[in-house]
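The values are calculated or read from the model by the stated rules, or taken from the named source; none is laboratory data. Model, not experiment: these values are computed from the prediction. Every residue, glycine as well, gets a Cβ built from its backbone with ideal geometry; the counts of neighbours run over all protein chains shown.
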Amino acid sequence: MLSTLKFDASPSVSAARLKPLHLLQSTSGIRAPARGAVTRQDGGESATFGAALTHTPTLAERLFEAIADAKVWTSRVAMHLSRDTRDRLFHQLDMLHELDEWAEGDAAVSLDSFKSFVRAILYHAVNSKPALALMPNGNILALWADGRDKLTVEFLPGNRTRWMVQNVTASGPERTTSTTPLERLRDVLQPYNAERWFDGR
């Protein structure tokens, strides 16, 4: 079991900013130009210059950054994932963020949600291949199917999950939902035969 595995927080990424020009006071007593001003050779001052520049990321840049953050974090625990699992996760991330199919207003993948998902794979030794979707808030949604029975798990930040099991019986479909800590997910799903979901049976 990998319950003792420690994960480092992903470093935050901030937009680069151009700092205004600062000139030190001359020791000869000559007045330094005002902040944001450019001095001409004749000692006069030209138009104001050097205001901080900001860049509003485009949609493509926001999606790229979200995918990159998730992949960089995954690389830190890659030694615990099979190459096939890692490659599949990266491919699914790319597919989930295809620019041509992106809906305006939807959020890119939440890094905290993605961390919970990967930790679930490691903690519960999940070797099945769930389909993935993105919630409008960026949370990862994993979907398993066993015939007409289905398991859906939304991975929440902070190593928590919200899940729903649908079992089809002779009397019709039955649905059960709950929210539970990630570590107890297999236990609470045991009455519904968790092995068929997580172990690919």
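Only residues that are touching a helix residue (DSSP H, G or I) at 6+ places or on another chain (Cβ under 6 Å) and outside any loop (DSSP other than H, G, I, E, B) were counted in the range 91-110, giving 2.
Yes/no per residue for (1) modelled with pLDDT under 90; (2) assigned to a helix (DSSP H, G or I); (3) at negative phi:
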site	(1), (2), (3)
H55	yes, no, yes
F64	no, yes, yes
A68	no, yes, yes
S75	no, yes, yes
L89	no, yes, yes
D112	no, yes, yes
A125	no, no, no
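The set of residues in the range 136-157 that are surrounded by fewer than 17 Cβ atoms within 10 Å (Cβ to Cβ), within 22 Å of the chain's Cα centre (by Cα) and either assigned to a strand (DSSP E or B) or at pLDDT 95 or above (or both) comprises L143, P157.
Return yes when P157 is closer than 30 Å to E98 by Cβ and touching a helix residue (DSSP H, G or I) at 6+ places or on another chain (Cβ under 9 Å) and no when it is not. So P157 fits the description; yes.
Can you tell me which residue within the range 165-201, out of those that are assigned to a strand (DSSP E or B) and hydroxyl-bearing (S, T, Y), is farthest from the chain's Cα centre (by Cα)? If we take residues in the range 165-201 being assigned to a strand (DSSP E or B) and hydroxyl-bearing (S, T, Y), then T169 is farthest from the chain's Cα centre (by Cα). Total residues in the range 145-197 satisfying the condition of being over 26 Å from S110 (Cα atoms), of a type in the set (S, T, Y) and touching a residue at least 40 places away in the same chain (Cβ under 8 Å): the figure is 1. When T85 is tested against the conditions (1) more than 22 Å from Y192 (Cβ to Cβ); (2) crowded, with 17+ Cβ neighbours inside 10 Å; (3) among the β-branched types (V, I, T); (4) within 13 Å of the chain's Cα centre (by Cα), the lone failure is (4). Return yes when A60 is outside any loop (DSSP other than H, G, I, E, B), of a type outside the set (F, W, Y) and more than 22 Å from S128 (Cβ to Cβ) and no when it is not. It is true that A60 is outside any loop (DSSP other than H, G, I, E, B), of a type outside the set (F, W, Y) and more than 22 Å from S128 (Cβ to Cβ).
Residues in the range 151-187 that are farther than 14 Å from K115 by Cβ, in contact with a strand residue (DSSP E or B) (Cβ under 7 Å, 6 or more places away or on another chain) and of a type in the set (S, T, N, Q): T152, Q166, N167, T176, T177, S178, T179, T180. Per this entry, A103 is not counted among residues that are surrounded by 11 or more Cβ atoms within 10 Å (Cβ to Cβ), more than 18 Å from D187 (Cα to Cα), of a type in the set (G, A, S) and modelled with pLDDT under 90. Of all residues in the range 69-82, those satisfying the criterion of being within 16 Å of the chain's Cα centre (by Cα) and among the polar types (S, T, N, Q) are T74, S75.
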